[in-house]
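As structure tokens, the structure follows; a few thoughts come after it.
The values are calculated or read from the model by the stated rules, or taken from the named source; none is laboratory data. Keep in mind it's a predicted model, so treat the numbers as computed, not measured. Positions of Cβ are generated from backbone atoms using ideal geometry, with glycine treated the same way; all protein chains shown enter the neighbour counts. Accessible surface areas use protein heavy atoms only, side chains included; no ligands, DNA or RNA. Shrake-Rupley method; radii C 1.70, N 1.55, O 1.52, S 1.80 Å.
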Amino acid sequence: LTCGELKAFYKEQACCGQPSRELSEGVPESFCTSSAGVCACERMKTALAGVPGAMFPVDFCSDMEHIKPVGFRSAPICEASDALGDASLLQDGQAGNIDFPHGTLKVLATVGEVNERTGAMLTGVPDGNGAYLLDATTVRYVYQSESYGQISRQETFPFFVNEPAHVGVTGSHIHYIDFDRTLLAQYMEASAPSSAYSMIKDSGEAVVTMYNLKRELVGKRGDVTSDAPHHSNVNLAGDYIAMKSGSSGPTLPAKADWLMQSLCSAHLAVKYQWGSGIGVEDNLFITNEEWIRYVPEAEGIIGLPVHVLNLASHELFATSAFGLGGQEKVVEVSTGSADFVGFVPSGYNGAFGGSFPHVVAYRNGNYSRTDGHPYVWPQNILPTRLYLGKKNTDKDGNADSTNFLARNGFEHGALYGFATDCSSGTPGAQGRDAWHRDTAAPGATVAGAFYKLRWQDTPGQVRDFVHDAAWEFQDAPDGAPEGWCFWTAAGANESGSKTEHVSPDPRGGLRVLQTSTAGYFGIYDFSDLTNLLSGGDFPQSIPATYTCLQPESDVRHMIELGGAGLYADGQNATVNPDSGQNPGKETFEDIDAVEWIAAQGGEDYIVIHEDSGNDFGERKFLAKVGVPMTYYFVAMSGGSKNSRQLAMVSAVEGVMKSPNSHEFSGATDLSALLAKNGDGTFQLSPGDTTGAQRSIEAEVPINEKSLVVSLQAHSNYGGWTTSFHPDAAGQILLYKPEVPVA
């Protein structure tokens, strides 16, 4: 509101010389300075008191004062080092030590902020993300919140789909934020504003229409069963079976029809990102429900789909193409072919809250393993996988370029698992976890192949989980030599460490980076795939080689702290005390989010984020790929024994619930979207289908990169958040590296 606007209104109402004159019309909307558009909160509460269901918390109006527009806040939650008793760093609503050693971090948005035109609020906790050019002047950033609805913690307010049915969905949301491209490109300059507010053009919910596994529009939840359910919440009969821990039966959402449970990570793929004709046919955002908790006696379990968002139409499609065991992340990889797409899924494989003996018995009653052993519950018994899909092809193999899922290869495909020789003394016999812990060295390789599963997807059909692909990794690979097995964490009969995040070769090579919660990671190379696809059919096997970049071993000597990373107990971020131990663990622990970054000069870097429960602050690194690796410490956040957590303060004012761990999560390279030519014009054109985005990224020096990062702050769901239920108030950050270069 400006003085000029106020003066003009005063004149229009003929108020000059008549201060007691009543206004002939209401106060203009522009006069309301509340970001949420609520300027007479107490009066509103009184007026709505009689509306059914309108029950406002006692502190609602005072909490409303904390609602700010998207991009308003500028203090980062994360720290360079612990406050270490410095009282000036223990103030609520202010940042801690932000003298980050290897670059700059600035806030782009904070959970709980709103679109000041529509009132749409951002939810947490932010996780997987991506970005693309909406038009020549706008960068659209897309992220999904990893939230658990009524299953755990704070049940987020619902988003609504499939109007006019007005179907409500709680838990995880998918949001978009539109940034002014020019201002975003300038944001890390010394003269730039401290907050991102001036560059925000729009924000909101990314999903308008939502389909289930049967390709039906998801409908309202029925009192007993549902005819068109969100299938992850129900059994084959349509009965609701999701439950909260400690409950005696199903736990229904309080204000929604359905729960979108734990959309963990995500991948945004633009059309032909790997080169002309190579890659998906539409801009899409692929995300996934990771885990859930079902009632122990559940019959007819279906499982957890992957969800694919058409970014142009805002339609969200559930797919069973990768099986229904639940995924942590699914990324597109290059196949080198214009006819086939490739994806690599990674995740738990049956984290449904139990081991369900009756389901295992049903599996054994219908299927037999070739080695004579009975099947066991499949959680964490799986190798690295590869999915191939034939583009523009329906489920029956017929040409179809009109259906979104068929066009992008999700209807007619094959799923593969990595297998190797498992005879005595081999890495296969040891198991993936033991080999990385006891034998592997950086650069060590394992030869093998991806073998096509016997299991086949049945798009549009919903089947019992006992028939799912999740179980097949306990059996011998079809067509493999005698003595070969799928290379799982701990063999065919034992659960091991989770295959966590994956990231594709950013230069378009037929390679993928795979991490483990055990703290190791490496690259799978399947370079022969393009030739094998030239005949137009799915090969039975694809030769592949795994190269270990980091075993589960001591990394302390490879970490560059840059004078930061100091913990409250006197240790530092070269170790990970995830149980208060001193000394802390020498290895990486629970590597979660990773992103493979290509930089100028053929250099490769990896963004590494842990999700370990580090008591003094979860670590964020930027790694330089090499033998040995070099790990540049960037920042840390949260921790139950961190000084700011114990002082009950956060950079976001009034939200601390209790000391808890935080987690840096998804990361995306924005540098191609912001790179400029010598004359100041932007290099990348919107709608490019030549793969230029990836090639431009690879020519940007690492210290000129703009990397967007999401931060989950699991302590920040108290205070004013309890009136609005956006879940924990984390942040979206922009990171500009500053690391040593040759």
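Looking at residue 127, is it more than 30 Å from residue 295 (Cβ to Cβ) and of a type outside the set (A, V, I, L, M, F, W, C)? Considered against the rule, which asks whether it is more than 30 Å from residue 295 (Cβ to Cβ) and of a type outside the set (A, V, I, L, M, F, W, C), residue 127 comes out as no.
Hey, can you tell me all the residues within region 351-366 that are free of Cβ contacts under 8 Å to residues at least 60 places away in the same chain and either more than 21 Å from residue 499 (Cβ to Cβ) or not in a loop (DSSP other than H, G, I, E, B) (or both)?
Matches in region 351-366: 357, 360, 361, 364, 365.
Does residue 321 count as open to solvent by 10 Å² or more (accessible area, probe 1.4 Å), assigned to a loop (DSSP other than H, G, I, E, B), at pLDDT 95 or above and under 23 Å from residue 285 (Cβ atoms)? Judged against the criteria, residue 321 is not a match. Residues of region 645-703 that are within 21 Å of the chain's Cα centre (by Cα), open to solvent by less than 40 Å² (accessible area, probe 1.4 Å), closer than 18 Å to residue 78 by Cβ and of a type in the set (S, T, N, Q): 661, 665, 668.
Only one entry in 495, 503 is small (Gly, Ala, Ser) and in contact with a strand residue (DSSP E or B) (Cβ under 8 Å, 6 or more places away or on another chain), namely 503. Of all the listed residues (219, 204, 168), the sole one being touching a Ser or Thr at 6+ places or on another chain (Cβ under 9 Å) and within 27 Å of residue 324 (Cβ to Cβ) is 219.
Just name the residue that is nearest to residue 693 (Cα to Cα) out of those in region 122-173 that are open to solvent by 10 Å² or more (accessible area, probe 1.4 Å) and among the acidic types (Asp, Glu). Only one residue tops the list, namely 135. Assess whether residue 459 counts as being part of a loop (DSSP other than H, G, I, E, B), farther than 18 Å from residue 371 by Cβ and in contact with a strand residue (DSSP E or B) (Cβ under 9 Å, 6 or more places away or on another chain). The answer is yes for residue 459. Can you find a residue that is out of contact with any Asp or Glu (no Cβ under 6 Å at 6 or more places or on another chain), assigned to a loop (DSSP other than H, G, I, E, B), closer than 17 Å to residue 416 by Cβ and among the polar types (S, T, N, Q) anywhere in region 492-509? Looking for residues that are out of contact with any Asp or Glu (no Cβ under 6 Å at 6 or more places or on another chain), assigned to a loop (DSSP other than H, G, I, E, B), closer than 17 Å to residue 416 by Cβ and among the polar types (S, T, N, Q), one finds none in region 492-509, hence no. Scanning region 465-491 for residues that are under 19 Å from residue 544 (Cβ atoms) and either in a loop (DSSP other than H, G, I, E, B) or of a type in the set (Asp, Glu) (or both) yields a count of 11.
When you go through 628, 686 one by one, which is the residue that is outside any strand (DSSP E or B) and either among the hydroxyl-bearing types (Ser, Thr, Tyr) or closer than 23 Å to residue 269 by Cβ (or both)?
On the way: 628 fails: either among the hydroxyl-bearing types (Ser, Thr, Tyr) or closer than 23 Å to residue 269 by Cβ (or both).
Among 628, 686, only 686 is outside any strand (DSSP E or B) and either among the hydroxyl-bearing types (Ser, Thr, Tyr) or closer than 23 Å to residue 269 by Cβ (or both).
Restricting attention to region 529-536, does a residue exist that is open to solvent by less than 10 Å² (accessible area, probe 1.4 Å), outside any loop (DSSP other than H, G, I, E, B), touching a helix residue (DSSP H, G or I) at 6+ places or on another chain (Cβ under 9 Å) and not polar (S, T, N, Q)? No, the conditions are met nowhere in region 529-536.
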